[in-house]
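Scroll down for the structure; my scribbles are underneath it.
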Amino acid sequence: METEFTPFVSLLGGGLIGLSAVVLLATHGRIAGISGIVSRMLPPTFDKAGLPQGIIFLVGLLLAAPLWIVVTGTAPVQVVSKNELLLVAAGLLVGFGSVIGNGCTSGHGVCGISRGSARSIAATMTFMATAFVTVFVLRHVVGG
Amino acid sequence: MHIFSTLFAGLLFGTGLILSGMANPAKVQNFLDLFGTWDPSLAFVMGGAIVMTMPGFWLVQKRTKPLFDDVFHLPTRTDFDARLVVGAAIFGIGWGLGGFCPGPALTSLPLAASGTLFFAPAMLVGMVIAKYTAAPQPKNLEL
């Protein structure tokens, strides 16, 4: 399914994401890496020092879509696959991989690259590469 | 005030994901579909974010400490290991399959698309499995 090329709003949205990361670093000295924030709340080990701010950040994240609906009067445009098995597999891989690889799109892809972290640059190139190959196989080899 | 700033940061992050199109898995997968219905928008998301964070982080770190904390909690590792690359590779496969990464998946939860309701819990389970199987690391290494 085609989606419209939206350079302007995507740039603007990206800017908001970046601004959020700057605010979090400036106020609490923390990196806005979502997989890190979430996984530190999960068993078996908890990061007690970062827990309260992590929870508050996630509350803000969860409030974004309801607030968007209230302000704009329309739900965010979203097309999610209905293949439940595929999404469970995808979720397991994303969760597992982000913890093993110490980060995700936000932690490595935005914050890490901005800090000039060689680890994050390597991680971002790696997950970009496997994601491109995965979508190629999913759509052009296995079939659309 | 320190609670408000974090809440604001989370809200800003989620709004940015929605506005940019990152919270739409179809758009993410189209970005990753170079040989099909390619939509280059997501390159602009990353560009817009880094344009803010690169100078922003530099300015912030000129201070000796953050506003509401005594130290910056930054990752300090510079070495490469197999875990980093293997983990990132697995993450990328999952990202491609579902079109969701952690931030957009959580932001999408209140919209309650059936796919999201399968993806997000599975993601949390994946994280717990990884934490149980992987050797423990100092907490400041995790992004």
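Were the residues from A:L86 through A:D47 laid out at 0.36 nm apart, the gain over their Cα-Cα distance would be 10.9 nm.
Compare A:S98, A:S117, A:S106 in a GNM of chain A, Cα atoms joined below 10 Å, and give the one with the largest fluctuation. Residue with maximal mean-square fluctuation among A:S98, A:S117, A:S106: A:S117. Each residue of the range A:49-64 is assigned a 3J(HN,Hα), and the resulting list reads 5, x, 4, x, 5, x, 5, 4, 4, 5, 4, x, 4, 6, 7, 4 Hz, derived from the Karplus form 6.51 cos²θ - 1.76 cosθ + 1.60 (θ = phi - 60°), x at Gly and Pro. Here the spin labels are modelled as points 7 Å beyond Cα on the Cα-Cβ line, and at A:M125 and A:V141 they lie 2.2 nm apart.
Take every pair of alpha-carbon atoms less than 8 Å apart whose residues are at least six positions apart; their mean separation over the length of the range A:7-141 yields a relative contact order of 27 percent. Computed from backbone phi with θ = phi - 60° and the Karplus coefficients 6.51, -1.76 and 1.60, the 3J(HN,Hα) list for the range A:94-99 is 5, x, 5, x, 5, 6 Hz; x is used for glycine and proline.
As a rough guide to protection, the peptides A:122-134, B:90-102, B:115-127 ranked by mean Cβ packing within 10 Å, highest first, stand as B:90-102, B:115-127, A:122-134.
Taking every DSSP helix (H) stretch of at least 4 residues in the protein assembly as shown, weighting each as -39,500 (n - 2.57) and dividing the sum by the residue count yields a mean residue ellipticity at 222 nm of -20500 deg cm²/dmol.
For A:V79, nonlocal amide neighbours, meaning residues 5 or more places apart or on other chains whose placed amide H falls under 5 Å from its own, are B:A26, B:K27. The slack between B:F80 and B:A43, meaning 0.36 nm per residue of separation minus the straight C-alpha distance, is 10.7 nm. Here the peptides A:24-30, A:59-65 are ranked by packing, the mean other Cβ count within 10 Å, and the order with the highest first is A:24-30, A:59-65.
Look at the Cα gyration tensor of the range A:7-141: its axes a ≥ b ≥ c give a/c under 1.5, and that counts as rounded.
Normalised by the residues of chain B, what does the relative contact order come to in percent, with Cα pairs under 8 Å and at least six apart?
28 percent
Here's how it looks for A:R30: its modeled amide H is under 5 Å from those of A:L25, B:H73, which are all 5 or more places away or on a different chain. Our coupling estimate for the range B:36-52, obtained by passing each phi through the Karplus curve with A = 6.51, B = -1.76, C = 1.60 and θ = phi - 60°, is x, 7, 5, 10, x, 3, 5, 4, 6, 4, 5, x, x, 5, 5, 4, 7 Hz, Gly and Pro reported as x.
Arrange the peptides B:11-21, B:77-87 so that the one whose residues have, on average, the most other Cβ atoms within 10 Å appears first.
Top of the packing list down: B:11-21, B:77-87.
Readers should treat all values here as calculations from the given coordinates under stated rules, not as data from a laboratory. Keep in mind that this is a model prediction, so the values were computed, not measured. Cβ sites come from the backbone with ideal geometry, for glycine too, and all protein chains shown count toward neighbours.
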